[in-house]
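The values are calculated or read from the model by the stated rules, or taken from the named source; none is laboratory data. Just so it is clear, the structure is predicted and the values come from calculations on it, not from any experiment. Cβ placement follows ideal geometry from the backbone for every residue including glycine, while neighbour counts extend to all protein chains displayed. To get the accessible areas, we keep the full protein, side chains included, count just its heavy atoms, and leave off ligands, DNA and RNA. Shrake-Rupley method; radii C 1.70, N 1.55, O 1.52, S 1.80 Å.
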Amino acid sequence: MNQHPYLRAYMAGIVFPTVLLLIWLTLFCIYRYAFLMPLPIERAIIFPMAVVPNVFGLWNILFIKLHQHWRLPIGLHGAVLPLLLGPVGVAFMSAMGFLEITGRGLIYFGAFRIPYWYVAVAPFIALTVYYLIWKYIVGFLNRVLGIAD
Amino acid sequence: MTTDDHEERELGTALRKAFPAVDTELRRDLWPEFRRRLEKPAIRVPWYDWALAAVVIVSVAIFPKLVLWFAYQL
């Protein structure tokens, strides 16, 4: 009987970013409505709500498929994801007008300035964070759903 | 023997014919599987993963604005 491994892989993948989205949305709403900052939530929330969970789910499906042929550790598989998601996120935010690339650094949402030397450090931190998330959280969910070997 | 007893026996026979007995014996011994689960160690976090987690925490403490970026990308 078909146990729908890819459906379960997708479901396991989307859990973490979806839960994090709730936290992100709460903070977003507090920032917008409590501090009265002019921030278009409806445009800003598209990427973390629609893109990131789906990418996580599809990436986990890819892991399950590749794992049948190649014993790649899930942590390393997840660590590759920010190399794809990072540039896409930056491109998205630039296109939506939330990110300005200035001579002094990146300005997010017109309020937060991040110097360029932060950007040199960020990919390594992103790789580490994604590695830990995929190894311990997504890996755990895969075991719970019975799709991990 | 009353008519009710007779009918009851006939009903029982008809039901037993319609619903055959179910095999309630276990098809396999579950004890070895249970013992494997007991002996399986809990999730162990290797030292380098602890080191990586510490690096992330220290990095966030030094560069707090990166939290915004990760919050959006995650």
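Checked across region A:69-76, the condition of being farther than 16 Å from A:Phe112 by Cβ, modelled with pLDDT of 90 or more, in contact with a Lys or Arg (Cβ under 8 Å, 6 or more places away or on another chain) and within 12 Å of another protein chain (Cβ to nearest Cβ) holds for at least one residue. Among residues of region B:20-43 that are open to solvent by 100 Å² or more (accessible area, probe 1.4 Å), those with a Cβ under 8 angstrom from a residue that is hydroxyl-bearing (Ser, Thr, Tyr), sequence gap 6+ or separate chain, pair up as B:Ile43/A:Tyr136. For region A:4-45, taking the residues that are open to solvent by 90 Å² or more (accessible area, probe 1.4 Å) and farther than 22 Å from A:Ile137 by Cβ, the one that is modelled with the highest pLDDT is identified as A:Tyr33. The residue list B:Arg37, B:Arg44, B:Arg9, B:Arg16 contains one member that is within 14 Å of chain A (Cβ to nearest Cβ) and farther than 30 Å from A:Val121 by Cα, which is B:Arg37.
Could you check region A:132-144 and list, in sequence order, the residues that are touching a residue at least 60 places away in the same chain (Cβ under 8 Å), open to solvent by 20 Å² or more (accessible area, probe 1.4 Å) and more than 24 Å from B:Val58 (Cβ to Cβ)? A:Leu141, A:Val144, listed by residue number. Counting only helices (runs of 4 or more DSSP H) that sit completely within chain B, those holding 2 or more residues that are touching a strand residue (DSSP E or B) at 6+ places or on another chain (Cβ under 9 Å) correspond to B:66-73. The residue list A:Ile23, A:Ile61 contains one member that is under 17 Å from B:Leu68 (Cβ atoms) and either of a type in the set (Ser, Thr, Tyr) or more than 12 Å from the chain's Cα centre (by Cα) (or both), which is A:Ile23.
For B:Trp50, the conditions (1) within 21 Å of A:Gly86 (Cβ to Cβ); (2) surrounded by 10 or more Cβ atoms within 10 Å (Cβ to Cβ) all hold with the exception of (1). Number of residues in region B:5-35 that are modelled with pLDDT of 80 or more and basic (Lys, Arg) equals 4. If you go through region A:23-38 and pick out every residue that is more than 12 Å from every other protein chain (Cβ to nearest Cβ) and at negative phi, you end up with 8. Annotation: of all residues in region A:95-131 being open to solvent by 30 Å² or more (accessible area, probe 1.4 Å) and within 25 Å of A:Gly57 (Cα to Cα), the one that is farthest from the other protein chains (Cβ to nearest Cβ) is A:Ala95. Using the structure shown, decide if A:Ile74 is open to solvent by less than 40 Å² (accessible area, probe 1.4 Å), free of Cβ contacts under 8 Å to residues at least 24 places away in the same chain and in contact with a helix residue (DSSP H, G or I) (Cβ under 8 Å, 6 or more places away or on another chain). No, not satisfied.
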